Structures are given as structure tokens and as C-alpha cells.
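Values in this text are rule-based calculations from the coordinates and carry no lab data. The shown structure was predicted, so the numbers you read here are calculated from the model rather than taken from an experiment. Cβ placement follows ideal geometry from the backbone for every residue including glycine, while neighbour counts extend to all protein chains displayed.
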Amino acid sequence: MAEFTITGEYIELDKLLKASRLCDSGGEARMLISEGRVAVDGVKETRLRRKIRPGMTVDFDGQRLTVH
């Protein structure tokens, strides 16, 4: 399990995947999200700009990211 700390109130899901290096680019992140391959707090998420706040978890390709 990896951790990612944000400085603001939230970060958008596609930006989080890129910033945390789970994806190589924003385009790849958006594609994976739209294909339903990303889950937020255990629920598949297809909204590209889903607001991710501290305490939430993001799962992708067998990896879990906890946001602080």
C-alpha cells in the first residue's frame, strides 16, 4: 500500500494517478478511469475528475493508494 499526501482540500482522480506515478500520463489515467479499471473506496469509478480527499483509497491494477 502506498500513500500520497495532498496539500489542498482535494485532488482530481486523473491528476492523482499521474502525480502518484500509477500512470505515465494524464491521457493514460483518463483512459483507465473511463474503462472502469480504477476504484475509489472499493467502488469502480468512471468520473475523470472525481474529487479525492484525505482518508480515501484508490485501487488500480492490484495497487492501493491511501490519500492523506
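Points to keep in mind about this one:
- Extension gain from Thr46 to Lys15, taking 0.36 nm per residue of separation minus the Cα-Cα distance: 9.8 nm
- Length-normalised contact order of the chain in % [C-alpha pairs under 8 Å, at least 6 apart]: 40 percent
- Helical contribution to [θ] at 222 nm, DSSP H n ≥ 4, -39,500 (n - 2.57), averaged over the chain, rounded to 500: -6500 deg cm²/dmol
- Taking Cα centre as origin and charging only the Cβ of basic (Lys, Arg, +1) and acidic (Asp, Glu, -1) residues, the dipole magnitude of the chain rounds to 180 debye.
- Under conditions of 10 °C and 1.306 mPa s, segment 2-67 yields 140 µm² s⁻¹ as its translational diffusion coefficient, taking Rh as the Kirkwood radius over Cα pairs in the Stokes-Einstein equation.
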